[in-house]
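A.B. asks: One structure, pasted below without further comment.
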Amino acid sequence: MRSTSPGKTPQLCSERDCGQPAAFPTRTKSTWCDAHITKMLREGGLEPLEPFTKPKAWRLTRCLTCACEAHYRFEYTLEKNAYGEATCRACYWRQWAREARQAMAAYVDLRPIPEANAREHAEKNGYDYLSALTIPSLADDPHHVRCRYCGRLSAARLGDIGFGCQCQINPRRERQTTKPAGSKQRDLLKDSQLPVLDWWDHEQNNTATWETVTVKARREAAWRCPDCGVRFRKRILDMVNMCEWPGVRAETTC
């Protein structure tokens, strides 16, 4: 908790009749004390394993349903709570994969994913492979991994692991295009290493779009603010030129 200067009234929790000091300051949004933050995490199916610092910080938690340990932002839990959806991605992707296999019926691929293949894939994309999160592990089931650069634990599908950790999206200006001089190769968005990749909503956009869309595409796609979690749709070309919500004022920040 941040200290206040002498004579300055500390900001209080936004919950009615609470009266406890807020765990983080804010001018326009709601804020809460540590007890209410923990309560909201539990509503999202998590228990905290380390102290709260700020809403945008990655915090280690444990799922109350499956015990998977992973890092989540508090703002991400707030978003999922508003949808009535549990935060844990291990639970989410298990259910998603089951429903996807049921939809495919007789065409479903039930061949298990060898652990050696999953481990090699994770390590190639900057992760330490911890374990499969289903037994047997089938296509689209989640895996438990840890980023080798920032140490963040996550539960993700192999396809998502292939994108690498968000902490590695920090391009230098001279690498903001992947097209070599004299090349006619399409400048794919996924290979651009632009900051806009941190806004791409992998849950709402399909894999085919991710694999083929270019940085100059005029079609709309789904985006998600990496700081506050707000979701919206906007043209890809417009987002490449300026990463912001539709209609947001220049002075507005998340």
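A.B. asks: When the solvent-accessible surface of protein heavy atoms is calculated with a 1.4 angstrom probe, in what order do TYR149, TYR72 fall, highest first?
C.D. replies: Solvent-accessible surface, decreasing: TYR149, TYR72.
A.B. asks: Once every DSSP H run of n ≥ 4 in the chain is given -39500 (n - 2.57) and the sum is divided by its residues, what mean residue ellipticity at 222 nm do you get, rounded to the nearest 500 deg cm²/dmol?
C.D. replies: Counting only the DSSP helices, I get -7000 deg cm²/dmol.
A.B. asks: A further question on this structure: Can you list residues whose amide H is under 5 Å from TYR127's amide H, if they're 5+ apart or on another chain and H is modeled 1.01 Å from N?
C.D. replies: ARG148
A.B. asks: For ARG111, ARG27, ARG98, give me the order by solvent-accessible area with a 1.4 Å probe, most accessible first, ignoring ligands, DNA and RNA.
C.D. replies: Numbers: ARG111 165, ARG27 235, ARG98 120 Å².
These residues rank, largest area first, as ARG27, ARG111, ARG98.
A.B. asks: Okay, next question. Roughly how many debye, to the nearest 20, is the charge dipole of the range 14-120 about its Cα centre, given +1 on each Lys and Arg Cβ, -1 on each Asp and Glu Cβ, and no other charges?
C.D. replies: 180 debye
A.B. asks: Mind listing the long-range amide H neighbours of LEU46? Cut-off is under 5 Å, sequence gap 5 or more, other chains count too, H placed in the peptide plane at 1.01 Å from N.
C.D. replies: Placed amide hydrogens put LEU64 under 5 Å from LEU46.
A.B. asks: Which of ALA103, THR9, GLY164 sits closest to the plus end of the dipole of the chain, meaning its Cα is farthest towards the positive end, when Lys and Arg get +1 and Asp and Glu get -1 on the C-beta?
C.D. replies: The residue sitting most towards the positive pole is THR9.
A.B. asks: Something else about it: Using a 1.4 Å probe and counting only protein heavy atoms, arrange ARG219, ARG235 so the residue with the most accessible area comes first.
C.D. replies: Descending accessible area places them as ARG219, ARG235.
A.B. asks: Any idea what angle helix 74-83 forms with the longest principal axis of the chain, computed on alpha-carbon atoms, 0 to 90 degrees, nearest 10?
C.D. replies: Computed tilt is about 80 degrees.
A.B. asks: Please list, in order along the range 41-51, the HN-Hα scalar couplings obtained from phi with the Karplus expression 6.51 cos²θ - 1.76 cosθ + 1.60 (θ = phi - 60°), rounded to whole Hz, x for Gly and Pro.
C.D. replies: So the Karplus estimates, Gly and Pro as x, are 4, 5, 4, x, x, 10, 10, x, 10, 8, x Hz.
A.B. asks: Helix 115-124 sits at what angle to the longest principal axis of the chain, using alpha carbons and giving 0 to 90 degrees rounded to 10?
C.D. replies: The answer is roughly 70 degrees.
A.B. asks: Considering only HIS143, HIS202, HIS71, give the residue with the highest GNM mean-square fluctuation for the chain, with springs between Cα atoms whenever their separation is below 10 Å.
C.D. replies: Among HIS143, HIS202, HIS71, the largest mean-square fluctuation in the Gaussian network model of the chain belongs to HIS202.
A.B. asks: Accessible surface of MET104 in the full protein assembly, 1.4 angstrom probe, to the nearest 10 Å²?
C.D. replies: 90 Å²
A.B. asks: Any idea of LEU12's accessible area? Nearest 10 Å², probe 1.4 Å.
C.D. replies: 80 Å²
The values are calculated or read from the model by the stated rules, or taken from the named source; none is laboratory data. Values in this document were obtained by computation on a predicted structure and should not be read as measured data. Positions of Cβ are generated from backbone atoms using ideal geometry, with glycine treated the same way; all protein chains shown enter the neighbour counts. Heads up: the accessible areas ignore ligands, DNA and RNA and are worked out on the full protein's heavy atoms, side chains in. Shrake-Rupley method; radii C 1.70, N 1.55, O 1.52, S 1.80 Å.
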